[in-house]
Amino acid sequence: MEALPGRPGTAYLREFELKNQCELLFNLNVELPKIGVLQEEVRAVRRSTDTVESLLQHIVNKIEHSIKKLKKQDQIKSDDEVQVNISLKNALIQKPIKSKMILKNLINSKMTNVEFEIFDQRYMVVINAPLVKEIKLPQVLYANYEVQPSRLYILFGDKNSSKFIWFKSKDKATWTKVGNTSRYKPSDEDVDHYIKLVCVPCCSVLTGPATEVVSDCKVVEMGDLPMCPFEKRHEFTTTQLTDNCFRFVSYNILSNRYVDNEQFSYCPPRFLAIDYRKQLIAKELSGYNSDIFCLQEVDNFAYNSYYKDLFKNKNYQSFYHKKGNKIPEGLACFFNKTRFKKVDEHQIIFSQEYSYKKNHYKYLRTIIESNTLLKDCFMKQMTSLQITVLNTKISNKNVFVIVANTHLYYHPDAELVRVLQTSMATTYLSLLHKGYSKDGNTVRVILCGDFNSVPTSTVYEFLTKGKLSRDNQVFEKTVNNINLKHDFQFESACGSPTYTNFTNDFRGCLDYIFIEKNKMRVCNVVPFPKDDELAVYEGLPNEVYPSDHLALVVDLKIN
């Protein structure tokens, strides 16, 4: 039995710790006399605590089953039994690996000379080689806009070490190489071509098997942007403010990670594409002439490759933080460098702050520790609070503006988690306020973002009333012996508009800019689109609205 030309000689043995599983993967391509060609990917999975013998027997069973299928498929009546033999050995010392050896121990032994032979084909076993578990390209590819995988998950390797090769084709038959970096910018010449990406996963010492993905659609031209309803709002923001007035914007711009064609089925994919939406977002934000704007759900790639430099050229300084410092979408704050000077910027992660057991959060332990499910849910969230402290001069006085930006946990049944996150935010802001007020400075606090809370919610009640009593129904499943309270007298600068979020699943107010009563004054709220204007569309986003949320735009005055 001879191997067919070009047969693979590499097998991959990996451990998936979270699943407590080990997998051996290799390609088998062999001609069996009187039977035919057996060609398949053999994937054998056992528990990490199973033995080498168990894994090998599983491979034998799978191959014998494939041979029976092949004989049945080709109606071969031969009764000849094909013997399938396989054993692992250490090629360095030419000794078999003990059959009773535990798979996990074999992997942890870090042997580099493991091999086996089957049907006279010899395979070298690579242990825990990098593997592309998931790779996807954007649904829409625009000429002159950079492309990178919309999903890329490499196991036992990393993106920076891996190799990427890009190809284009008009017919998916003949491919021309066009790039060899992790990103590729299709040119005008690529219009009407499919794009293919081959990823070879690597780490510092190992290389895994290549994986390829082909675009569903051909590269297209974006064309001119349409006239958009938000341009009516720009009529209220034609000039920049002066003196002790400034314009503030808060906006959830919809991360590309959460753009689901099923959820937004009413919107054609070309208008959901991040390269299209980011043009509209930039156009909308630029027209507001704001002094400070805070964004939620900002994609890491979009910020670093687009928003950061775009607004830097418009005289803005900005700061960005991934959600929980891990998830590649997060919070961004931009401010006009002519009007404000940066004093500090940082981020806290609520679950992480709680785990540090700081005394100023001690009051929350009674609530959180009294319910295991609550604690588990709270600690799993990567919800963050971004802080930007700015300084400005008003009447020759130093004024510090503490800008807090957040995006609270979304789940409809997690009201108490959001309350706890909000309480931590106000406690933290109170500490900052006291710190900057020490020398008699004027300090103002703004708390903005997507609170995933309607105006009738407990979160809104807590922020605007300053307290929650222990008998509030939100605490019904906890042992709460305290009244939650905070030191601020907050009010919603934009009130409670009918909609700040408008989809076919939910329509309501979730976003707010909270300011301190009597310390700041609302000079003007840029009107939201009217209900009947939004009703024209099945939902947001769409061709003329880049996000499922609406921007909050308000002119404020520091008293």
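Table for the structure above
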quantity: Size of electric dipole in the chain: Cβ of Lys, Arg +1 and of Asp, Glu -1, about Cα centre, debye, nearest 20; calculated: 1980
quantity: Gyration tensor (Cα) of the range 449-511, equivalent ellipsoid semi-axes in angstrom; calculated: 25, 16, 7
quantity: Estimated [θ] at 222 nm from DSSP helical runs (n ≥ 4, -39500 (n - 2.57)) normalised by residues in the chain, nearest 500; calculated: -6000 deg cm²/dmol
quantity: Cross-link pairs LYS69/LYS133; LYS172/LYS218; LYS34/LYS72 - those with Cα-Cα distance over 19 Å; calculated: LYS69/LYS133
quantity: Farthest positive-ward along the chain dipole, Cα basis, beta-carbon charges - from VAL200, LEU38, HIS407; calculated: HIS407
quantity: Computed P(r) (all Cα pairs; the range 230-558; 20 Å bins; percent); calculated: 32, 60, 9
quantity: Volume of the Cα convex hull of the chain, divided per residue and given in Å³; calculated: 207
quantity: Calculated P(r) tail over 14 Å for the range 345-423, as whole % of Cα pairs; calculated: 66
quantity: FRET efficiency estimate (nearest 0.05) - Cβ-Cβ, GLN263 to SER370, R0 41 angstrom; calculated: 0.70
quantity: Global size of the range 5-48 as Cα Rg and Dmax, reported in angstrom; calculated: 13.6, 44
quantity: Label-point gap, in nm, between LYS314 and SER437 - each point 7 angstrom along Cα→Cβ; calculated: 3.5
quantity: Calculated SAXS-style log₁₀ I(q)/I(0) at q = 0.11, 0.13, 0.15, 0.17 Å⁻¹ - the range 294-436, Debye, Cα scatterers; calculated: -0.47, -0.64, -0.81, -0.98
quantity: Stokes-Einstein D in µm²/s, Kirkwood radius over Cα pairs - the range 26-166 at 25 °C with 0.890 mPa s viscosity; calculated: 134
quantity: Kirkwood hydrodynamic radius of the range 385-446, Cα pairs, Å; calculated: 13.0
quantity: The range 485-559 versus the range 353-371: alpha-carbon centroid distance in Å; calculated: 32
quantity: Normalised alpha carbon radius of gyration of the range 131-214 [divisor 2.2 N^0.38 Å]; calculated: 1.08
quantity: Kyte-Doolittle at least -1.0, axis length at least 15 Å by Cα - qualifying DSSP helices, the chain; calculated: 52-73, 274-287, 415-437
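Quick note: the coordinates plus some simple rules give every number you see, no bench work behind them. As the structure is a computational prediction, the values presented were derived from the model and not from experiment. Here the Cβ is made from the backbone with ideal geometry for all residues, glycine too, and neighbour counts use every protein chain on show.
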